[in-house]
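Only one structure is covered here, and it is reproduced in the block below.
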Amino acid sequence: MSVSDQERDEIEKSSAPLIEHLIELRRRLIWSLGGFFIAFLVCFFFAKRLFNLLVVPFKWATQWAGLDPHKVELIYTAPQEFFFTQVKLAMFGGMVIAFPLIATQIYKFIAPGLYKNERSAFLPFLIASPILFLMGASLVYFFFTPMVMWFFLAMQQVGTNDQVQISLLPKVSEYLSLIMTLIFSFGLVFQLPVVTSLLTRVGLLSSQALAEKRKWAIVIAFVVAAVLTPPDPMSQIGLALPTIVLYEVAIFASRLIERGQERDRLAREARESGETVAEKTPDASSTQAPG
């Protein structure tokens, strides 16, 4: 049986009526929504503690600015503002916590329609995606948020005879929006190696094309950073530089994938040529002279 026949049989075995696919999709959606709802409730119950945890980088920034980190103060100017801030925080946290479950349900839904080698190739990227997102979020939390807040704190003005007192009193909603924007931006950018590797594996992209477009990628990195981050040079440069580094990592990963595909192609050709030679070689018993 040829390879194409085996693949055709595999597709026929995995085929199912439309109603079965819809039932399967409903089950996967129920699991995903249920996991998100449970994670949302847990995050909402601990919303104040989570928010205080997100304020820690702000305290680090005040310490860098030579201020007392114990006097950090945030305000809200509408009665319902802090409540909806906690809801937004719970939704964001619930999505982050439930993402592995959601990604697993998506994979289980599409896996029956993939070949065996495609499933084995797709699974590492499914694992790498949340890890890279957490790496980007950690970079935001431990480095870029304190740096950005220090930049904003440096704009404060001490009251004197000639100047008025200008102090930074962030609103809880605006501070959370800033943190969420930075985490989402960096988490999205850190998916660059995953996206380019998948495109390279399916043949839609090559390492040579990525290397040739390096100059354009640098320009696009700064443009995207200007759009996704707050309008300050610190956060924009802070997002653009990791993007450029990740682009180089994507080129390296694409080259590794291409080398692996080339080795597989040569091994397959060698195996096929060996089988052809074996078929053309006559049996030794048939070449013996009659006794």
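If I filter segment 20-41 down to residues being in contact with a Gly (Cβ under 9 Å, 6 or more places away or on another chain) and surrounded by 15 or more Cβ atoms within 10 Å (Cβ to Cβ), which single residue comes out as nearest to PHE82 (Cα to Cα)? Within segment 20-41, the match that is nearest to PHE82 (Cα to Cα) is PHE40.
Residues checked against (1) closer than 23 Å to ALA128 by Cα; (2) modelled with pLDDT under 85; (3) loosely packed, with under 11 Cβ neighbours inside 10 Å:
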| site | (1), (2), (3) |
| --- | --- |
| VAL194 | yes, no, no |
| ALA209 | no, no, no |
| ARG214 | no, no, no |
| PRO231 | no, yes, yes |
| TYR247 | yes, no, no |
| GLN261 | yes, yes, no |
| ARG271 | no, yes, yes |
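(1) within 27 Å of THR243 (Cα to Cα); (2) touching a helix residue (DSSP H, G or I) at 6+ places or on another chain (Cβ under 7 Å); (3) among the hydroxyl-bearing types (Ser, Thr, Tyr): which one isn't true of SER138, the others all being true? For SER138, the failing item is (2).
Failed condition for VAL277, given (1) among the β-branched types (Val, Ile, Thr); (2) out of contact with any Phe, Trp or Tyr (no Cβ under 9 Å at 6 or more places or on another chain); (3) at pLDDT 85 or above, with all others met? For VAL277, the exception is condition (3). Restricting attention to segment 254-262, does a residue exist that is part of a helix (DSSP H, G or I) and either closer than 23 Å to VAL56 by Cα or among the acidic types (Asp, Glu) (or both)? Yes, there is a match, as at least one residue in segment 254-262 is part of a helix (DSSP H, G or I) and either closer than 23 Å to VAL56 by Cα or among the acidic types (Asp, Glu) (or both).
Taking (1) closer than 17 Å to LEU198 by Cα; (2) modelled with pLDDT of 85 or more; (3) of a type in the set (S, T, N, Q) in turn, SER138 satisfies each apart from (1). Of all the criteria given as (1) in the same structural domain as GLY94 (by TED's automatic domain parsing); (2) over 19 Å from GLY93 (Cα atoms); (3) β-branched (Val, Ile, Thr), the one not satisfied by ILE131 is (2).
The residues listed here are GLY93, GLY66; of these, the one that is at positive phi and at pLDDT 80 or above is GLY66. Scanning segment 60-81 for residues that are free of Cβ contacts under 8 Å to residues at least 24 places away in the same chain and surrounded by 17 or more Cβ atoms within 10 Å (Cβ to Cβ) yields a single hit, VAL72. Within segment 209-265, being closer than 20 Å to MET180 by Cβ and among the charged types (D, E, K, R) holds for one residue alone: ASP232.
Please pick out the residue among LEU153, LEU114, LEU132, LEU126 that is under 15 Å from LEU239 (Cβ atoms) and either at pLDDT below 80 or not acidic (Asp, Glu) (or both). Steps first, answer last, please.
Working: LEU153 fails: under 15 Å from LEU239 (Cβ atoms); LEU114 fails: under 15 Å from LEU239 (Cβ atoms); LEU126 fails: under 15 Å from LEU239 (Cβ atoms).
None of the others qualify; the one that does is LEU132.
Residues that are over 29 Å from HIS21 (Cβ atoms) and acidic (Asp, Glu) number at least 1 in the following helices (runs of 4 or more DSSP H) confined to segment 45-150: 81-110.
The values are calculated or read from the model by the stated rules, or taken from the named source; none is laboratory data. Here the structure is a predicted model, which is why all the values come from computation and not from measurement. We place every Cβ from the backbone using ideal geometry, glycine too, and count neighbours over all the protein chains shown.
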